[in-house]
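Below is one structure, written out as structure tokens, with a few remarks after it.
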Amino acid sequence: MLARVNSGAVIGVDAYKVDVEVDLATGLPCFSTVGLAEGAVKEARVRVESAIKNSGMKFPQRRITVNLAPANVRKMGTGFDLPIALGLVSSEQEMDGEKLSRSMVVGELGLNGEVRRIPGAMSIALMAAQEGMERMLCPADCAPEAAVVGKIEVLPVRRLEQAVAYFKGIEDIEPMMVSPDDVMNQNDVYGVDLADVKGQATAKRALEVAAAGGHNLLMVGPPGSGKTMLARRLPSILPPLSFEEAVETTKIYSILGLTRSGLALVSARPFRAPHHTVSDAGLVGGGSIPRPGEVSLAHNGVLFLDELPEFRKNVLEVLRQPLEDEQVTISRSSMSVSFPAKMMLVAAMNPCPCGYLGDPGHDCLCSMVAIQRYRSKISGPLLDRIDIQVEVPAVAYRQLVKVEQTESSAQVRKRVLATREIQLQRLRNEQGASCNAHMSARMVQKHCRLGPNEHSLLERAIHALGLSARAYVRILKVARTIADMDGTQEITTSHLAEAIQYRSLDRPVQ
């Protein structure tokens, strides 16, 4: 007897359909799984047998063969437990074959028959809708993220016998209903505010410019000057996630099993701050079966690298592709996988190894050679990809104790939203660009025209600082953002001068 159940698995951030074929034949009892199944999939026979017996049903004592098609793609994970169990039970109990053929089924089984959550439920729901499925049965803990897709009926299942009763027509399962509008409003709270930062007017201005144009930012200053504090408040002044961005972000978190139980979407912009001991695979993704790294977990959000020179050089260099292409491509002998990585890079570093170069309150003990060696840990090509480099000096005591009402994140965000709206209108006919930082060279040439005085100023700056062609383009993008913040169509010398001053590491060490 042959039973077929529709299921799915994930490669990269997208899912593909898997046909779970269960064949029962005469012969000595055994259980074989074919179709390039890895360890966790092969172990399903133990979980499935115990789950069926402990749910009060009979496990068939026959020669059992389970095929996972397509057979040339390696299968991982525990999401095939529930469809395999349904295929086996259907040999002993009559089920609605038509209903089963129009359903996508995924879920891990506990030994007691409990259906447990799996990673990638949202991606599988999107794939099921594309495949023309009418419904998807999945663990109840995963149901909200699958239901928010809104293109397929999602039935939350808590136990194996509940799924069996549904396909026998004995019991109905109430579909999970999720309102995208309600979900988008429940998590847009960051718990931090820009008003908490004392002083640092220049750094706050640079933070607003970075948020307004989506620019990468590097803060240079002594220990305790507030670099990390500023970085953690950047998401609070960025525009709220759109529904499409929230779905993209949630898919990444879902396949890693990082979504919180009962929550349908990641609706707040991600903030990722990996330790400087992170490996290159941990940062950009990797493994024998490629999985996303920190840059993809920061998709549509902020990737913060504190103590930038302390990261291994080979780790920093792998950032070049995601910063340029907004995606990470990982190639293996059997597959090539791309992960989205449209994020803002925010980094922080000391000006020298001891951290007190240029600080009037402390003496710097570093030699010029040590300073140059410290800064050379960050390559020129990587620095070129960071639009804004700003100095963050130590905060004076008077500023720390001064009681004053500074601008809140909500006030700054209003200006950022107004500036982003200007950019959206300008770039509405341009493909792949929604803010100034994402403009291509052709777009920069079209939208960042300079007058004679501006050309003269930029030419002098390039010769004086020895800037590269990439740095020239970055300066134009930042100047375009500053002009948008002023509400002017033309880029003036004041806009250009401010953009040039945000290249602090291009200036020689004094």
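The values are calculated or read from the model by the stated rules, or taken from the named source; none is laboratory data. Source: prediction; values computed, not measured. Ligands, DNA and RNA are stripped out before the accessible areas are found, and what is left, the full protein with its side chains, is counted by its heavy atoms. Shrake-Rupley method; radii C 1.70, N 1.55, O 1.52, S 1.80 Å.
Tabulated results
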item	result
Arg312 accessible area, 1.4 Å probe, all protein chains in place, Å² to nearest 10	110 Å²
Percentage of interatomic Cα-Cα distances in segment 50-184 larger than 25 Å	23 percent
Volume per residue that the Cα convex hull of the chain spans, once the total is divided by residue count, Å³	168 Å³
Semi-axes of the equivalent ellipsoid for segment 36-92, Cα gyration tensor, largest first, Å	21, 12, 9
Relative contact order [Cα under 8 Å, 6+ residues apart], the chain, whole percent	13 percent
Accessible heavy-atom area order of Glu98, Glu407, highest first, probe of 1.4 Å	Glu98, Glu407
Cross-link pairs beyond the 20 Å C-alpha cut-off, checked among Lys75/Lys168; Lys342/Lys414; Lys58/Lys168; Lys227/Lys313; Lys204/Lys313; Lys251/Lys414	Lys75/Lys168; Lys342/Lys414; Lys227/Lys313; Lys204/Lys313; Lys251/Lys414
Helix 201-213 vs. the chain, principal-axis angle (Cα, 0 to 90°, nearest 10)	50 degrees
Kirkwood Rh, angstrom, segment 377-510 [1 / mean 1/r, Cα pairs]	16.6 Å
The chain, accessible area per residue, ligands and nucleic acids excluded (1.4 Å, Å²)	44 Å²
Inverse of mean 1/r across different Cα pairs in segment 315-414, Kirkwood, Å	17.6 Å
Average Cα contact separation per residue, segment 123-282, under 8 Å, 6 or more apart, as relative contact order %	24 percent
Sequence of Met335, Met439 when ordered by accessible area, the most exposed leading, probe 1.4 angstrom	Met335, Met439
Crossing angle, helix 452-465 versus the chain [Cα axis fit, 0-90 degrees, rounded to tens]	80 degrees
Listed residues Met104, Met1 arranged by accessible area, highest first, probe 1.4 Å	Met1, Met104
